[in-house]
Amino acid sequence: MKKNISYILILWGLTIATASAQGIMGGHVTGNVQIDGQMSHADSVIGATDVPQRLLMNARADILYTNGDFSAGLRFEAYQDPLLGFDAEYKGQGLANYFVKYNGSKLTLTAGNFYEQFGNGLILRTYEDRYLGLDNSLLGVNVQYRPVDGVTLKALAGKQRYYWSYGDGLVRGVDGEVNLNSILKPMTDSKLRVTLGAGFVSKYEEDGNLTADDPSQLLNLPLNVGAGAVRGDICYGHWSLNAEYAMKGQDPSALNNYTYRTGNAAVVNLNYSQRGFSAGLQAKRVENMGFKSMRSQTGEMLYINYLPAITKNHTYAFLAMYPYATQVMGEQGLQADVMYKIKKGTLLGGKYGTDLHFNSSVVVGLDTTVTGGKGTDGYTVNPGLGPLYYGDASAEVAKKLSKSVKLTATYAYQVFNPVVENESGDLHHNNILIADLSWKVNKKHSLRFEAEWLGSDSYYNKAEEEHTDRRAGDWIMGLVEWNIGRNFFVSLSDQYAYQDGIGNYYNLSVGYTQGATRLQVGYGKQREGMLCIGGVCRLVPASNGLTFSLTTSF
Amino acid sequence: MKRTFLIINFSLLILFASCDKINPNEYTTSTGGSGPSNWENFNVQRALVEKYTGPKCPNCPNADVTLDAAHVQYGDRLIVISVNHPTGQGEPFANQPDLRTEDGSAWDTWLGINSIPAAYLNRDRSKQYSGSMSDIVAAIGDVVERYPLCGIGVTATATGDSIAIDVDVEFFSTIEGATTLTLALTEDSLVYKQSMPDGSRQDDYVHNHMLRDVITATFGDDVPLQGIAGEHKVGHFTYRLPDIEPSIVLSNCHIVAFLSYRDSRKIINSAECTIQ
């Protein structure tokens with residue numbers, strides 16, 4: 001990728017030449033820059049190791065040039081060396097992303113790196129998450145065509161980013177989406193809104209010359225692996241229903257131990273919403289849907305598809321301490337979410353009203369029987385449920401106590417199976433209490449206090465230090481945040497394992513914002529754990545030291 | 001609108017055709033090899049790691065730990081050659097022997113090693129491993145799972161300071177381009193000073209897999225085979241031990257043989273043996 005400057009110059013040259021030819025030079029340039037740094041030293045209690053480089057840094061700059069229907073952009077990234085928890089493969093610097101784009105009324109054409117999603121992403125979603133260290137953009141061509149209102153056709157082909165190079169496989173895909181209310185006159189003014197879609201993605205990868213478990217047998221690998229999906233969105237009044245079903249052809253890979261059973265996935269979302277009340281029910285079933293553009297890859301890179309999370313993405317520290325990672329080889333689950341606002345002026349609503357939020361999810365595995373290893377179908381699926389992977393239930397009450405004070409209180413119960421992090425052990429049962437109080441002292445100053453407690457039946461075994469989860473045990477946490485005007489804040493927090501656990505993780509953060517520029521500096525200890533966003537996770541190792549972050553945009 | 005649906009149908013037709021289906025009785029095919037009886041000796045794909053290191057490199061022992069663990073995992077499917085970097089941290093401490101070699105320095109220069117530790121797997125220049133090299137372990141696993149394009153075996157017998165080496169090569173698949181065969185002498189259990197990750201120096205650090213000499217030309221001798229599936233040849237070499245410091249202890253030595261593409265120098269397969 002670092003050597004692709006010639007391609008970029010050609011693309012930029014074409015853009016500028018086109019712009020010049022049409023006499024539309026001008027346009028405007030926007031961009032943003034982010035620099036994150038980290039210094040850490042060894043701390044045997046929390047398991048932090050020394051950083052021989054002393055300073056680690058991730059930096060990036062996005063620049064976008066727009067001129068009418070044309071735009072062109074590039075992103076420079078530098079990892080000198082990557083922050084703790086980011087893959088060492090990122091070490092280096094260079095242009096990680098570049099594209100030119102024409103966005104007309106009927107046609108959108110992108111050449112270069114692009115991100116795309118078909119439906120819920122069950123067969124294709126390329127995206128970037130800088131906090132996960134994840135970027136599976138495609139380098140190629142993406143065309144969107146809108147022949148009439150309500151109809152969108154997409155076609156794409158390219159190779160996926162793999163750190164500083166590209167994956168072996170070539171990804172091709174088409175997708176079509178039709179809004180019936182736009183193309184069928186009788187439905188134009190109907191309260192029933194219907195959108196239907198379908199897509200197909202195919203991956204080509206050269207033969208890998210791989211042997212089966214019996215080394216005298218060579219795997220006959222499918223070079224072209226296809227996945228297709230159909231979906232629908234239906235809205236009627238306060239109700240909405242979204243459903244998608246996907247199938248994947250034989251795809252022997254390192255994810256499924258090179259077995260040949262096909263994959264499938266289904267997602268259904270049913271929602272009801274009206275003023276002051278909303279409820280949602282989500283169901284998902286996944287079987288063997290790890291779809292990558294390089295069959296030997298097992299990490300988080302090079303996924304062609306994305307399987308939406310069915311558990312709530314928690315933000316409070318202890319709620320997020322045991323996050324659930326999507327199990328691409330097989331899982332089935334349900335999630336229910338209800339929000340209700342008790343009107344103000346009532347007994348429970350008080351002067352300002354009260355917000356209630358309930359959420360519960362449960363995820364179990366598939367009940368499978370192993371029938372063979374590499375070069376076989378691998379397993380069969382039995383009716384019924386597999387092991388419990390994760391379950392939680394939470395209740396949150398948010399109430400404005402006065403004009404300047406707001407309190408949010410949360411109780412949650414979690415059951416967590418370590419097998420979802422490829423660990424063994426008993427189920428962990430956690431009770432969590434959280435109180436979050438915001439106080440606007442005056443026009444210039446505000447304070448926020450957060451207190452959390454986690455009681456868990458897991459415990460830290462010091463005698464087996466190398467194999468023990470440092471999240472274990474009972475914890476308390478306190479946080480004070482002081483905001484001074486719009487520009488400055490100071491935050492002090494501490495997480496302490498007071499029983500059956502280990503570690504005292506204090507943190508001091510200071511932030512300053514000036515216009516579009518923000519600088520934040522922190523010092524303290526980071527607990528080892530999993531950071532999950534949308535069911536996709538990365539391990540964050542323990543650290544003890546200084547962090548800083550500078551962001552700006554123009 | 002008709003044109004649009006025609007485009008959709010045509011696109012879907014093309015893409016659905018882009019999906020292979022394998023019948024259950026065709027999931028595997030015989031490799032045509034001799035079968036499992038002699039599989040472990042000849043018909044396997046091995047991973048050769050060239051590790052560029054140095055006695056004054058404090059992070060190099062971390063790479064040793066990773067590769068030692070990989071050796072436990074992959075056994076003789078993994079072959080390691082340690083090469084001391086020609087300058088800087090690769091230079092010896094005062095009053096310590098110089099384990100650099102001209103051939104190793106030529107490999108180092110050709111690969112463009114700028115900092116150590118650094119390693120290449122089967123001389124694939126698209127990927128350099130550095131630091132603790134934790135990512136190399138999975139990559140080795142990917143390599144050794146592959147069905148080899150060729151089988152290679154090596155035996156060595158010493159008589160005095162003369163060593164007779166036999167190398168057996170058989171192509172299982174037809175390959176494009178000329179090939180070269182490289183023979184190297186490596187030595188284990190060399191105990192010398194080494195900078196350690198905590199900043200200290202360890203006087204009795206054990207250096208294993210150290211390159212002592214390249215027996216063939218630096219980047220190998222041309223192989224008189226066309227690279228056609230089924231071709232088989234046994235090559236005979238006679239090698240006289242060089243008079244170098246520290247003197248070579250034959251019982252700690254290995255002969256490493258690897259077959260490479262002549263143009264890209266990428267290693268196709270490799271083998272290693274002790275000296276009898």
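Here is how the numbers come out for the structure above:
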{"item": "Any hit, segment B:93-114, residues being within 14 Å of another protein chain (Cβ to nearest Cβ) and either closer than 29 Å to A:Ala212 by Cβ or part of a loop (DSSP other than H, G, I, E, B) (or both)", "result": "yes"}
{"item": "Answer from B:Leu12, B:Leu6, B:Leu78 - the residue that is at pLDDT 80 or above and either open to solvent by 30 Å² or more (accessible area, probe 1.4 Å) or away from chain A (no Cβ under 12 Å) (or both)", "result": "B:Leu78"}
{"item": "Residue match in segment A:199-212 (condition: within 11 Å of another protein chain (Cβ to nearest Cβ), of a type in the set (Lys, Arg) and not in a loop (DSSP other than H, G, I, E, B))", "result": "yes"}
{"item": "Any hit, segment A:329-343, residues being part of a loop (DSSP other than H, G, I, E, B), open to solvent by 60 Å² or more (accessible area, probe 1.4 Å) and in contact with a Lys or Arg (Cβ under 8 Å, 6 or more places away or on another chain)", "result": "no"}
{"item": "Subset of segment A:71-81 [within 22 Å of A:Gln160 (Cβ to Cβ) and either surrounded by fewer than 16 Cβ atoms within 10 Å (Cβ to Cβ) or within 14 Å of another protein chain (Cβ to nearest Cβ) (or both)]", "result": "A:Tyr79"}
{"item": "Boolean, B:Thr174 is within 14 Å of chain A (Cβ to nearest Cβ), part of a loop (DSSP other than H, G, I, E, B) and open to solvent by 10 Å² or more (accessible area, probe 1.4 Å)", "result": "yes"}
{"item": "In segment A:231-252, the residues that are open to solvent by 10 Å² or more (accessible area, probe 1.4 Å), part of a loop (DSSP other than H, G, I, E, B) and more than 8 Å from every other protein chain (Cβ to nearest Cβ)", "result": "A:Gly237, A:His238"}
{"item": "Test set (1) of a type in the set (Ser, Thr, Tyr); (2) open to solvent by less than 50 Å² (accessible area, probe 1.4 Å); (3) within 29 Å of A:Gly150 (Cα to Cα); (4) without any contact (Cβ under 8 Å) to a residue 60 or more places away in the chain - A:Thr126 fails condition number", "result": "(4)"}
{"item": "Among the candidates A:Leu95, A:Leu180, A:Leu84, A:Leu132, residue that is open to solvent by less than 20 Å² (accessible area, probe 1.4 Å) and not β-branched (Val, Ile, Thr)", "result": "A:Leu132"}
{"item": "A:Gly112, sole failed condition from (1) open to solvent by 40 Å² or more (accessible area, probe 1.4 Å); (2) under 30 Å from A:Gly37 (Cβ atoms); (3) among the small types (Gly, Ala, Ser)", "result": "(1)"}
{"item": "Selection within segment B:177-199 - open to solvent by 50 Å² or more (accessible area, probe 1.4 Å), closer than 23 Å to B:Arg100 by Cβ and part of a loop (DSSP other than H, G, I, E, B)", "result": "B:Ser189, B:Pro197"}
{"item": "Long-range neighbours under 7 Å by Cβ, at least six apart or interchain, first residue assigned to a loop (DSSP other than H, G, I, E, B) within segment B:118-145, second open to solvent by less than 40 Å² (accessible area, probe 1.4 Å) and of a type in the set (D, E, K, R)", "result": "B:Arg123/B:Glu50; B:Asp135/A:Glu89"}
{"item": "Any hit, segment A:111-130, residues being in contact with a helix residue (DSSP H, G or I) (Cβ under 9 Å, 6 or more places away or on another chain), over 27 Å from A:Arg538 (Cβ atoms) and either within 12 Å of chain B (Cβ to nearest Cβ) or not small (Gly, Ala, Ser) (or both)", "result": "no"}
{"item": "Residues of segment A:406-437 that turn out to be small (Gly, Ala, Ser) and at pLDDT below 95, as a count", "result": "2"}
{"item": "Test: residue in segment A:211-230 that is open to solvent by 60 Å² or more (accessible area, probe 1.4 Å) and in contact with a strand residue (DSSP E or B) (Cβ under 7 Å, 6 or more places away or on another chain)", "result": "yes"}
{"item": "Residue in segment A:458-467 that is crowded, with 18+ Cβ neighbours inside 10 Å and modelled with pLDDT of 95 or more present", "result": "no"}
{"item": "Spans of strands (runs of 3 or more DSSP E) in segment A:505-554 with at least 1 residues open to solvent by less than 60 Å² (accessible area, probe 1.4 Å) and farther than 16 Å from A:Ala317 by Cα", "result": "A:517-526, A:536-540, A:543-553"}
{"item": "Qualifying residue in segment A:383-401 (condition: more than 30 Å from A:Trp482 (Cβ to Cβ) and in contact with a Lys or Arg (Cβ under 8 Å, 6 or more places away or on another chain))", "result": "yes"}
{"item": "Unique match (being outside any strand (DSSP E or B) and closer than 23 Å to A:Tyr303 by Cα) among A:Pro52, A:Pro82", "result": "A:Pro82"}
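Each row is one residue, and each column tells you yes or no for (1) out of contact with any Phe, Trp or Tyr (no Cβ under 9 Å at 6 or more places or on another chain); (2) open to solvent by less than 30 Å² (accessible area, probe 1.4 Å); (3) of a type outside the set (Phe, Trp, Tyr).
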{"site": "B:Thr109", "(1), (2), (3)": "yes, no, yes"}
{"site": "B:Asn114", "(1), (2), (3)": "yes, no, yes"}
{"site": "B:Tyr147", "(1), (2), (3)": "no, yes, no"}
{"site": "B:Val154", "(1), (2), (3)": "yes, yes, yes"}
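Yes/no matrix, rows are residues, columns are (1) farther than 27 Å from A:Leu281 by Cα; (2) modelled with pLDDT under 95:
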| site | (1), (2) |
| --- | --- |
| A:Glu300 | yes, yes |
| A:Met329 | no, yes |
| A:Val338 | no, no |
| A:Gly349 | no, yes |
| A:Asn359 | no, no |
| A:Leu385 | no, yes |
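The values are calculated or read from the model by the stated rules, or taken from the named source; none is laboratory data. None of the values given here were measured: they were computed from a predicted structure. Note: ideal-geometry Cβ built from the backbone for every residue, glycine included; neighbour counts use all protein chains shown. Heavy atoms of the whole protein, side chains included, go into the accessibility calculation; ligands, DNA and RNA do not. Shrake-Rupley method; radii C 1.70, N 1.55, O 1.52, S 1.80 Å.
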